[in-house]
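Report on the structure given below.
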Amino acid sequence: MDRRTFLALAAGAGALLAGCTDTPDDLHGRLIVMRHADRTFAMLNQTGVARAATLPDALADIEIDAIYTTPRPRNIATATPLAEARGLAVHNLEAMGVGRKLLTAYPGQTVLWVGNQENLGLLYAELGLAIKPPVQFGEIHIVTLPGGGARPRVEVRHYGP
């Protein structure tokens, strides 16, 4: 499947689920969701490296139990300064179904996910979130899923230069 087909399918899935505001009953916990930092081509650029270095301070007030990214080097590079500051490993997962995977593996805990512009929409559709995901560089969403079908809460933050 080429990128255009994938994005068209993702947009369609998001449109179908745009009216959903409740998360599945069995999912609870907190996901910190963000796109990788600024890039040029496939890798972080100088601004992206500087932005990633500010991530530990931007999330200093939140306990994080695990850090996950897609296998792309720019995602790993974005998460690495935070992981090093917290003494955590950066784990890699393919993006499809990542919301359920992380919330099931870490029920009631806090997990950071560094994704890409194209898969963040799919994650939000999976979680039933009817808002735009954090696709801008430096934008962070802290998504709290209370469980029991209760409405998720989203706190928006920013980090970096």
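No value in this document is a laboratory result; all are computed from the given coordinates. Everything quoted here is computed from the prediction, not taken from an experiment. Reconstructed Cβ throughout: ideal geometry from the backbone, glycine too, with neighbour counts over all protein chains shown.
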Name the GluC sites (Glu not before Pro) in segment 84-161 that are in a loop by DSSP and that have at most 16 other C-beta atoms within 10 Å, would you?
-> E94
Segment 121-161 versus segment 43-83: alpha-carbon centroid distance in Å | 17
Looks like segment 3-158, by Cα gyration tensor root eigenvalues a ≥ b ≥ c and the a/c under 1.5 rounded cutoff (else prolate when a/b is bigger than b/c, oblate otherwise), is oblate
Amide proton proximity set for R39, modelled H, under 5 Å, gap of 5+ = N45
Modelled label-to-label distance, Q117 and E84, 7 Å Cα→beta-carbon offset: nm?
-> 2.8
Amide H neighbours of H28 under 5 Å, at least 5 residues apart or on other chains, H built in the peptide plane: list them.
-> G108
Got a sec to turn the phi values of segment 51-62 into Karplus ³J(HN,Hα) couplings, 6.51 cos²θ - 1.76 cosθ + 1.60 with θ = phi - 60°, whole Hz, x for Gly and Pro?
-> 5, 4, 5, 8, 4, x, 5, 5, 10, 4, 8, 10
